[in-house]
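K.L.:
Below are the structure tokens for one structure; questions will follow.
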Amino acid sequence: MTAIISTPCSRELGDELRRLRETSTEFHGRAMAVQLGWDPSKVSDIELGKVRASDVDIVQYLATCGKNIDFIDAFRGRYYNAFDLYFAQMSDNVGTLAMTEAMATKIFSYDVLIMHGLMQTEDYAFQLFVDSHIEAPEDIARLVQARMDRQSIMRRPNRPECVFFVHELALRMQLGDARVREEQYLRLLFNTHILRIVPANICAFRSPVTLYEFGKAAPVVYSDSDTAHVWAQDSVAVARAKRLFQRLDAVALDAEQSKRKLAEYVSGLREDSHGGGTELA
């Protein structure tokens, strides 16, 4: 068993081991350690993703949980790269993302063309999945619900400190009808204390990126696309992300200016409606 810096993936897989122990055995952590002949702290450290378990450790742990060789081999395949400082996941894997958001003490995000998932309305999220033409129609309701479930962290009394930088291009995207856009603008309008709009005349910096900071873990940078989630915990990647957010802080509208800008977009939709455009509900 090797001590090493934990990662979002190692923490998620460690938590998966904990849940397997709780659902497949009658052992609490200390009893599991006794059953395996381990030091009690070893079970805790593995389940927290704080240390890399050896192949033998993983086999012994999962066998004690009653898992067969096929399950064990599949888990070992996922665990093999769990402590890499750079790793990619399938785009439909939301477990690592949800756990990272739940553990974060600070979240800094920049999006160019869409609103951040933690700030999306349900109808906006639904329209995003529909318009992408990538997800199977029967999967969309589940994906939207998963996104809405993630937003529960924003209602916690100890929610993370968040700053969402959104480029004005995202406000101009003709996503859904006027009602969908107005509801999304209003969601942002009532959360301008955590929203900063980057004006349209500012160059749209690179790709969307999110920086997560934690109380007792290293910061991690996250970026996603339609095909993959990419995580980077290397110090160089984190430093680059911090420089990006310093630059955004210098050029973005402040909270009050962002509020006025959003109000302009709401007014524009309503004026279009009165002018004979799409009716607003």
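K.L.:
Within the stretch 167-187, is even one residue surrounded by 15 or more Cβ atoms within 10 Å (Cβ to Cβ), under 24 Å from Leu248 (Cβ atoms) and among the small types (Gly, Ala, Ser)?
P.N.:
yes
K.L.:
To continue, here is another question. Here are the criteria: (1) touching a residue at least 12 places away in the same chain (Cβ under 8 Å); (2) surrounded by fewer than 17 Cβ atoms within 10 Å (Cβ to Cβ). Tell me which single one Tyr80 does not satisfy.
P.N.:
Only one criterion is unmet by Tyr80, namely (1).
K.L.:
Of the residues Ile69, Ile134, which is β-branched (Val, Ile, Thr), without any contact (Cβ under 8 Å) to a residue 12 or more places away in the chain and either touching a His at 6+ places or on another chain (Cβ under 6 Å) or open to solvent by 10 Å² or more (accessible area, probe 1.4 Å) (or both)?
P.N.:
After applying the criteria, what remains is Ile69.
K.L.:
Where residues in the stretch 122-174 are assigned to a loop (DSSP other than H, G, I, E, B) and of a type in the set (A, V, I, L, M), which of them is modelled with the lowest pLDDT?
P.N.:
So the residue we want is Ile134.
K.L.:
For residues that are of a type in the set (Gly, Ala, Ser) and either within 13 Å of Glu12 (Cα to Cα) or open to solvent by 60 Å² or more (accessible area, probe 1.4 Å) (or both), tally how many sit in the stretch 89-107. Spell out how you get there, then give the answer.
P.N.:
Start the filter on the stretch 89-107 by keeping residues that are of a type in the set (Gly, Ala, Ser), which leaves 91, 95, 98, 102, 104.
Now drop any that are not either within 13 Å of Glu12 (Cα to Cα) or open to solvent by 60 Å² or more (accessible area, probe 1.4 Å) (or both), which leaves 95, 98, 102.
Residues flagged as of a type in the set (Gly, Ala, Ser) and either within 13 Å of Glu12 (Cα to Cα) or open to solvent by 60 Å² or more (accessible area, probe 1.4 Å) (or both) within the stretch 89-107 amount to 3.
K.L.:
From the set of residues in the stretch 95-118 that are among the small types (Gly, Ala, Ser) and assigned to a helix (DSSP H, G or I), which is modelled with the lowest pLDDT? Reasoning before the result, please.
P.N.:
The initial filter retains those residues of the stretch 95-118 that are among the small types (Gly, Ala, Ser), namely 95, 98, 102, 104, 109, 117.
Narrowing the set further to residues that are assigned to a helix (DSSP H, G or I) leaves 95, 98, 102, 117.
Values: Gly95: 86, Ala98: 92, Ala102: 94, Gly117: 94.
Per the criteria, the residue is Gly95.
Every residue, every condition in (1) within 15 Å of Lys259 (Cα to Cα); (2) touching a strand residue (DSSP E or B) at 6+ places or on another chain (Cβ under 9 Å), yes or no:
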| residue | (1), (2) |
| --- | --- |
| Arg179 | no, no |
| Leu186 | yes, no |
| Ile197 | yes, yes |
| Gly215 | no, no |
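K.L.:
Considering each of Tyr110, Tyr86 in turn, give the residue that is among the hydroxyl-bearing types (Ser, Thr, Tyr), under 18 Å from Val230 (Cα atoms) and open to solvent by 60 Å² or more (accessible area, probe 1.4 Å).
P.N.:
Only one candidate qualifies: Tyr86.
K.L.:
Filter the stretch 260-281 down to residues that are open to solvent by less than 90 Å² (accessible area, probe 1.4 Å) and assigned to a loop (DSSP other than H, G, I, E, B) and give me whichever is modelled with the lowest pLDDT. Can you show your working first?
P.N.:
Start the filter on the stretch 260-281 by keeping residues that are open to solvent by less than 90 Å² (accessible area, probe 1.4 Å), which leaves 261-263, 265-269, 273, 275-278, 280.
This time we only want the ones that are assigned to a loop (DSSP other than H, G, I, E, B), so: 275-278, 280.
Details: Gly275: 56, Gly276: 50, Gly277: 47, Thr278: 42, Leu280: 39.
My answer is Leu280.
K.L.:
Identify, please: which residue in the stretch 222-259 is open to solvent by 20 Å² or more (accessible area, probe 1.4 Å) and among the β-branched types (Val, Ile, Thr) and is, among those, farthest from Gly95 (Cα to Cα)?
P.N.:
Ranking the candidates gives Val251 first.
K.L.:
Now for a separate question. Quick check on Gly66: is it in a loop (DSSP other than H, G, I, E, B), small (Gly, Ala, Ser) and modelled with pLDDT of 95 or more?
P.N.:
yes
K.L.:
Looking at the structure I just gave you, is Gln89 of a type in the set (S, T, N, Q), within 18 Å of the chain's Cα centre (by Cα), more than 26 Å from Lys261 (Cα to Cα) and outside any helix (DSSP H, G or I)? Don't jump to the end; show me each part of the working.
P.N.:
Numbers: of a type in the set (S, T, N, Q): yes; within 18 Å of the chain's Cα centre (by Cα): yes; more than 26 Å from Lys261 (Cα to Cα): yes; outside any helix (DSSP H, G or I): yes.
So Gln89 passes the test.
K.L.:
Something else about it: All but one of (1) farther than 21 Å from Thr7 by Cα; (2) more than 19 Å from the chain's Cα centre (by Cα); (3) open to solvent by less than 40 Å² (accessible area, probe 1.4 Å) hold for Phe75; which doesn't?
P.N.:
The single condition Phe75 does not satisfy is (1).
Let's see how each residue does on (1) open to solvent by 80 Å² or more (accessible area, probe 1.4 Å); (2) at pLDDT 95 or above; (3) not in a helix (DSSP H, G or I):
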{"position": "Ser6", "(1), (2), (3)": "no, no, yes"}
{"position": "Leu13", "(1), (2), (3)": "no, yes, no"}
{"position": "Arg21", "(1), (2), (3)": "no, yes, no"}
{"position": "Phe27", "(1), (2), (3)": "no, yes, yes"}
{"position": "Val34", "(1), (2), (3)": "yes, yes, no"}
{"position": "Ile46", "(1), (2), (3)": "no, yes, no"}
{"position": "Val56", "(1), (2), (3)": "yes, yes, no"}
{"position": "Gln60", "(1), (2), (3)": "no, yes, no"}
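The values are calculated or read from the model by the stated rules, or taken from the named source; none is laboratory data. Bear in mind the structure is a predicted one, so any value in this text is a computation, not a measurement. Neighbour counts run over all protein chains shown; Cβ positions are idealised from the backbone, glycine included. These accessible areas exclude ligands, DNA and RNA; they are computed on the full protein's heavy atoms, side chains included. Shrake-Rupley method; radii C 1.70, N 1.55, O 1.52, S 1.80 Å.
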